[in-house]
Amino acid sequence: MKMLGSDAVLRSLEAEGVDVVFGLPGGAILPTYDAFARGTTVRHVLARHEQGAGHMAQGYARASGRVGVAIATSGPGATNLVTPIADAWMDSTPLVCITGQVRTTLIGTDAFQECDITGVTIPIVKHSWLVQHVAEIPNVIKAAFHIARTGRSGPVLIDIPRDVQEAELDFTYPADVDLPGWRPPKRGHAKQIKEAARRIARAEQPVLYVGGGTLNADACDELRELAEVGGLPVVTTLMGKGAFPETHALHFGWPGMHGPKWSNWAMNKADLLVACGARFDDRVTGKLAAFAPGAEVIHLDIDAAEIGKLRHADVPVVGPLKDVLRDLAVELVRLHAEGEGRRPDAWIQQIRDWRAEFPLKYAPGRETLKPQRVMELLQDMTAGRDVVFTTGVGQHQMWAMQYLLCERPGSFITSGGLGTMGYGIPAAVGAKAARPEATVICVDGDGCFQMTCQELATAALEQLPIVVVLINNGYLGMVQQWQNLFFDDRLSHVHLTHQVPDYAMLAEAYGCAGFTVSAEDEVEGALQAALDSNRTSVIDFRVDPQEQCFPMIPAGAAALDLIEFEEGEDAKVARPL
Amino acid sequence: MRHTVSVMVENKPGALARIASMFARRGFNIESLAVGPTERPDVSHITLRVDCSDRSLEQIQKQMHKLVNVLRVQELPPDEALERELLLVKVAAPPGKRAELISVAEVFNARVADLGADALIFEVVGTPEELASFEELVRPHGIKELVRTGRVGLARASARPAPRRLAVLR
Ligand SMILES: Cc1ncc(C[n+]2csc(CCOP(=O)(O)OP(=O)(O)O)c2C)c(N)n1
Ligand SMILES: [Mg+2]
């Protein structure tokens, strides 16, 4: 069928089954926006900043397991997408970004709003295209979706010059892709899987170290099967949170810089680590040379380049985790039936004892509201509900990790690898677009909030209601904590104040509901009101500015050298697990 | 350790930039790089020379493999590969010195590619080591300009079929 390039973009998105995209128009992408106006089944959510659009697409992808799509114009529109692209790259979030570009006749002339965005993003995309001919559009879009979601998922970028959008083509959407250089692994090596199962059966102190790759691979049921048949303890990284039900008897927290002591001890005293879609990030391992020194490593990953990148793998298995984990479980059952190895019950008991001995603790507030208390109450009030949490980056993010128990895949959405402040609100809007039936709650910091709060307008006007639980400590708290601990309390440019802006008033200005809470006995009421309102709400929790997040493994320190909460006589043991 | 890596890439815009960027970003240094056409018009060949540990080499190969335009990555072990390079050198050659220079050149099968009033240009093909020795020999005569292509390589016709190491992991 004859049509314009701009229409071909939309027909291609429709053919990919895209239901919603996030974007903001401008000159070079105008023809494609005109195609939206001419008609499409694709819903377009108008963001207030392209970074917001990008994070929305990420939130959508994480909540739905599908590819997120963001659209922007050339030049500044495209460069505003760079942060979400980098974020999606680090966290392997499947993302297709479509940008307008100046006319092909103007490329290279420093034309108005020209930016070589394919060049800028080379190090942070799986692949990108500068579309030179209109006839390429369907094939490029087909390939883009295929690459974004296959193998290790991640971001791709399609840059389409304005005249290419305006040219005519004979449209057919291809059934297949022709990508001779893109061959992600199809199955794990059977012998390696057998060997892995043998070592799991033999291990006395094994730990399943589960990362975000498990969620990306949609392998959570298989993971649970493996853990249950083997009686294996599971720790989930920040990115893996939600891959294993956190109230399950075999779940033992979250490893890394602010992970509880029992989780880090389990990892570091293990004799076998089974890394599932995890990449030995420095925020998890601390000092690499001192990390889990007595452990053999089985490394399961779709990306061969992760094997041995940081930690030697004794048994690598490269393949889709869904199949690999399923085969491992089957093999483990077989070995047990043959009488080889048994469930590490004593080890499980040991980790339970550590958990009882070293629980999370904080000092209850006398005059002040404690952020941990807000998290505990939030957890209590949302337990059993279909919730999706998103977060910003900082102390509040780490408290969210420690105190919110996620039961389902895709229910905890955060910026792990890049640590992007401002991720939370737009990611929540995107998650809501993906899962309208779920309650979407963004746990945000006051610093993060101010980076992307303009998207409250998007939430309000697009009928994508979210609840923002604002942990307002008046500071760039995590930076303040580092300055306190490692720079002799010399605070340098971290004070934001509790009062400016007035967050509740700002929320109202954006057409949302605003609440201000500074006492513990008001927390539940405000949360209830926000959860019941079915409107986008911001609850400004004015929490203790001095509160620090513990335990903490200082950057570069060995994971066992953690700084713990200094106990006063009034220390409160956090919610037992 | 120095390694030679042979890479087949789709002949697409940006393919080389993606490879170069990956090296820069991951902190690997390219010592020499030669790109050229192959028997297939849609495929180019890149010969890369890198100085790195075996472990880094493995990372390089795997990271390159993930690039969508890369079709094949293969290390060329010195004993299983043929490597050649082309050198052009402009040497000061006053008429009285020419004969001496040309006889040195003959030993290396160097060809006189151009002749001027007080200089001449040699063209030499050989292994990179041979070219280095030639360069040293003519240096005392006064090198005015010198260019080398960087090495190109192919696995020997008699060598075992490669690649091997990656096959285990994929
Ligand atoms: C875009 C960006 N800029 C700077 C940082 C460095 N940084 C990490 S946490 C943090 C403070 C965040 O403050 P806030 O949102 O108030 O969270 P809190 O730590 O107080 O809970 C900063 C500045 C970052 N991660 N991202
Ligand atoms: Mg703060």
Within the stretch B:149-170, is even one residue without any contact (Cβ under 8 Å) to a residue 60 or more places away in the chain, away from chain A (no Cβ under 14 Å), touching a Leu at 6+ places or on another chain (Cβ under 7 Å) and farther than 30 Å from residue B:24 by Cβ? no
Of the numbered conditions (1) within 12 Å of chain B (Cβ to nearest Cβ); (2) modelled with pLDDT of 95 or more, residue A:174 satisfies every one except a single condition; which is it? (1)
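When the residues of the stretch A:182-200 are filtered to those that are assigned to a loop (DSSP other than H, G, I, E, B) and buried (at least 16 other Cβ atoms within 10 Å of the Cβ), which remaining residue is farthest from the other protein chains (Cβ to nearest Cβ)? Give the steps one after another, and end with the answer.
The initial filter retains those residues of the stretch A:182-200 that are assigned to a loop (DSSP other than H, G, I, E, B), namely A:182-189.
Checking the rest, the ones that are also buried (at least 16 other Cβ atoms within 10 Å of the Cβ) come to A:182, A:184-185, A:188-189.
Values: A:182: 5, A:184: 9, A:185: 5, A:188: 10, A:189: 8 Å.
Once the filter is applied, the top-ranked residue is A:188.
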Among the residues listed as A:157, A:179, A:169, the single one being touching a residue at least 12 places away in the same chain (Cβ under 8 Å), of a type in the set (A, V, I, L, M), within 10 Å of another protein chain (Cβ to nearest Cβ) and in contact with a helix residue (DSSP H, G or I) (Cβ under 8 Å, 6 or more places away or on another chain): A:179
Counting only residues that are in contact with a Phe, Trp or Tyr (Cβ under 6 Å, 6 or more places away or on another chain) and more than 15 Å from residue A:91 (Cβ to Cβ), how many does the stretch A:23-55 have? 5
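Keeping to the stretch A:406-433, report how many residues are among the hydrophobic types (A, V, I, L, M, F, W, C) and either in a loop (DSSP other than H, G, I, E, B) or in the same structural domain as residue A:284 (by TED's automatic domain parsing) (or both). Explain how you work it out, then say what you get.
The first filter runs over the stretch A:406-433 and keeps only residues among the hydrophobic types (A, V, I, L, M, F, W, C), leaving A:406, A:412-413, A:418, A:421, A:425, A:427-429, A:431, A:433.
Those still in the list that are either in a loop (DSSP other than H, G, I, E, B) or in the same structural domain as residue A:284 (by TED's automatic domain parsing) (or both) too: A:406, A:418, A:421.
Residues that pass the stated criteria total 3.
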What's the total number of residues in the stretch A:385-397 that are within 16 Å of ligand 2 (Cβ to nearest atom) and surrounded by fewer than 24 Cβ atoms within 10 Å (Cβ to Cβ)? 1
Given (1) surrounded by fewer than 24 Cβ atoms within 10 Å (Cβ to Cβ); (2) away from ligand 2 (no atom under 16 Å from the Cβ); (3) within 20 Å of the chain's Cα centre (by Cα), number of the condition residue A:467 does not satisfy: (1)
Can you work out which of the residues in the stretch A:434-469 that are polar (S, T, N, Q) and outside any strand (DSSP E or B) is nearest to ligand 1 (Cβ to nearest atom)? A:450
Just one of A:335, A:325, A:360, A:310 is touching a helix residue (DSSP H, G or I) at 6+ places or on another chain (Cβ under 9 Å) and within 14 Å of another protein chain (Cβ to nearest Cβ); which is it? A:310
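For (1) touching a Gly at 6+ places or on another chain (Cβ under 9 Å); (2) among the polar types (S, T, N, Q), each residue gets a yes or a no:
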position	(1), (2)
A:125	yes, no
A:132	no, yes
A:142	no, no
A:150	no, yes
A:159	yes, no
A:167	yes, no
Looking only at residues in the stretch A:393-433 that are within 13 Å of the chain's Cα centre (by Cα) and among the hydroxyl-bearing types (Ser, Thr, Tyr), which one is farthest from ligand 1 (Cβ to nearest atom)? A:411
Any residue in the stretch A:470-479 that is in a helix (DSSP H, G or I), over 25 Å from residue A:42 (Cα atoms) and away from ligand 1 (no atom under 12 Å from the Cβ)? no
Could you list all residues from the stretch A:201-219 that are hydrophobic (A, V, I, L, M, F, W, C) and crowded, with 24+ Cβ neighbours inside 10 Å? A:207, A:208, A:210, A:215, A:217, A:219
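Tell me, which strands (runs of 3 or more DSSP E) lie completely within the stretch B:1-69 with 1 or more residues that are within 13 Å of chain A (Cβ to nearest Cβ)?
Values: elements: B:2-10, B:30-37, B:43-51.
Here the list reads B:2-10, B:43-51.
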Filtering the stretch A:403-444 down to residues that are over 21 Å from residue A:531 (Cβ atoms), away from ligand 2 (no atom under 15 Å from the Cβ) and surrounded by fewer than 24 Cβ atoms within 10 Å (Cβ to Cβ) yields A:409, A:417, A:418
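The values are calculated or read from the model by the stated rules, or taken from the named source; none is laboratory data. Everything numeric here is computed off the predicted structure, so don't read it as measured data. Neighbour counts run over all protein chains shown; Cβ positions are idealised from the backbone, glycine included.
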